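All remarks here apply to the structure that follows.
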Amino acid sequence: MTARWPIHPRPIPGEALTSWLHRIADGYGITVDDLAFDIGYSLDRDTDLDLAPPEGLIEQLAIQTGVSSDRIHGMSISGYTPWLLDDVEPGPDAFSTYIRQLTVLLPERNRRRRTVSSWRAWVPTAAVRHHRTCPQCVRDSTSPHPYLVVWSLPLMLSYPVHHCWLEHHDGPPGHYYAWRDPSSAPEPQRASLAIRRMDDRTWQALTAGVVDLPRHRIHAGTWFRLLRTVVDELGATMSECGAAQRLTREVWQRAGYPVRAGQAMWRPFEAQTLQRQTRTLEAAAIAMRVLENGHLTGLGRDAALFLPAPDTSLDPGKPLVTTGCPKSLNEALHDAVEDAKQNPDSARQLFNLMTLYRSDDDEHVHRVRNDFAELGIPLEFLSH
C-alpha cells in the first residue's frame, strides 16, 4: 500500500475536487495527472473529476489524505445529487421532471412539455463551459487559489461571502488561478441587492440544506427547482406565455435586457451563451424581488412562496378593531385608481389586470389606455 502523502492541504468548504488536487500537486511540483498516476489512475481528456469522479479514485484519495470519502465525493457535482440535480446520467424525461413540477410567473396550463436529450440541471453543455472566480478570494489567498465547484455552474452571479460579482476568466480546465499575481485580479464589483438576496439563498441551500423564504422554510432541492423554474419561465416563448407575457416582459424591462435575453430560437438555459445565462439570472433575481415587494403578482400556484410575511405586530389574543363596513367593489376600485395616479407600480399592476386576458386585442388595449388618461392616470407610468 502506498504511504500517505505527507503534503495534503485540507479542502475548504465547497472546494472543487480538481482545485484541491491541484493544490496538493503544487506542493510536490508535479501535475494533477502525475498525482493520479501515483495511486494507479490515468486521467484522459474526457475525465471530468468535478462532475463525477471514479469511486475507486475517491477511495484512494481518502487513504492518501485521511479526508473521508464522503467529503471528497461532495467536492464534485455528483455529490450534490439528488438535491441540485436528479442524476448525473440524464434520463429522457429529466427536463420535464425537474422543471415542470412548480410554477411561479406563468399558469400551469401555459407550460409546454419539452423533451431535451442529454440534459442535466444547471450543468452547462461542453460548448459553453466556463470558469468564474471570486476576485476577492484571489486577492486574499496565495496561489494556487482554491476554487468552488459551483463556480463552474451558471447557478450564482456573486459569492455570498464577499457579495461581489464572480469574474469570468479563460484559464484551462483544472487551472483556476488565471490571475497568478493577485494584484492583477479585477477590482471586486459589489452585486445588487436583488442578486445578493438570490445568491444568499442559493448559498444557504448549498451549505445548510434549507432556504428561508418570506413565509416558509423550504428544502434545498425545492429551492434549486424553484429557481430553475423561474429561469425557464423567463425564457418561455410568447406562444407559451399567452396573456401572461406581460409579466415576463415587465421583468425583462426592469432588468434592462431584451425579452428572453435576446434569444430567437428556444434553447435550454444550460446551452445558452455565458452572456445570456448571466442576464437571465439577473432577471430571475429581479423577478423574485418584485414578487416579494408586491409590485408583480405571479400567476403560478407557487408564487405565494414569495409573498411578504404577514404582519405579526398585532396581539393575536385581542380582536382586531375595525371601523365601518368592508369596502364595496366601487370603493376598492376608486382607491386603486387614486393610488395609480401617484404610484407607477400601482398603475402598471392595474393596467396589467385590465388587459390580462385581452392583451392581443389592440383595440381593447387602446381603449384601456384612453380610460386611464380620462381618469387622470399618467400614461408615462405604463412605459417603465
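Check segment 349-357 and report whether any residue there is modelled with pLDDT of 85 or more, open to solvent by less than 40 Å² (accessible area, probe 1.4 Å), assigned to a helix (DSSP H, G or I) and out of contact with any Cys (no Cβ under 9 Å at 6 or more places or on another chain). Taking every residue of segment 349-357 in turn, none turns out to be modelled with pLDDT of 85 or more, open to solvent by less than 40 Å² (accessible area, probe 1.4 Å), assigned to a helix (DSSP H, G or I) and out of contact with any Cys (no Cβ under 9 Å at 6 or more places or on another chain). Candidates are the residues of segment 138-158 that are of a type outside the set (S, T, N, Q), assigned to a loop (DSSP other than H, G, I, E, B) and more than 16 Å from residue 273 (Cα to Cα); the one that is farthest from the chain's Cα centre (by Cα) is 144.
Candidates in segment 55-69 are the residues that are without any contact (Cβ under 8 Å) to a residue 12 or more places away in the chain and in contact with a helix residue (DSSP H, G or I) (Cβ under 8 Å, 6 or more places away or on another chain); of these, the one that is surrounded by the most Cβ atoms within 10 Å (Cβ to Cβ) is 62.
From the list 80, 98, the lone residue that is open to solvent by 10 Å² or more (accessible area, probe 1.4 Å) and touching a residue at least 40 places away in the same chain (Cβ under 8 Å) is 80.
Comparison of 273, 280 shows that the only residue that is crowded, with 22+ Cβ neighbours inside 10 Å and either under 26 Å from residue 125 (Cβ atoms) or among the β-branched types (Val, Ile, Thr) (or both) is 280. Could you tell me whether any residue of segment 257-269 is touching a residue at least 60 places away in the same chain (Cβ under 8 Å), open to solvent by 30 Å² or more (accessible area, probe 1.4 Å) and of a type in the set (Gly, Ala, Ser)? No: segment 257-269 contains no residue that is touching a residue at least 60 places away in the same chain (Cβ under 8 Å), open to solvent by 30 Å² or more (accessible area, probe 1.4 Å) and of a type in the set (Gly, Ala, Ser). Within segment 110-140, if we keep just the residues that are open to solvent by 60 Å² or more (accessible area, probe 1.4 Å) and among the charged types (D, E, K, R), the residue that is modelled with the lowest pLDDT turns out to be 129. Taking (1) open to solvent by 10 Å² or more (accessible area, probe 1.4 Å); (2) touching a helix residue (DSSP H, G or I) at 6+ places or on another chain (Cβ under 9 Å); (3) modelled with pLDDT of 85 or more; (4) small (Gly, Ala, Ser) in turn, residue 143 satisfies each apart from (3). None of 202, 207 is β-branched (Val, Ile, Thr) and surrounded by fewer than 20 Cβ atoms within 10 Å (Cβ to Cβ) except 207.
Within segment 46-78, the set of residues being among the polar types (S, T, N, Q) and under 23 Å from the mean Cα position of the chain (by Cα) comprises 76, 78. Within the span defined as segment 14-28, every residue fails to be free of Cβ contacts under 8 Å to residues at least 12 places away in the same chain and surrounded by fewer than 19 Cβ atoms within 10 Å (Cβ to Cβ).
The values are calculated or read from the model by the stated rules, or taken from the named source; none is laboratory data. In this text, all values refer to a predicted model and were calculated from it rather than measured experimentally. So basically every Cβ, Gly included, is an ideal-geometry build from the backbone, and we count neighbours across all protein chains shown. Accessible surface is based on the protein model in full, side chains and every heavy atom, while ligands, DNA and RNA are left aside. Shrake-Rupley method; radii C 1.70, N 1.55, O 1.52, S 1.80 Å.
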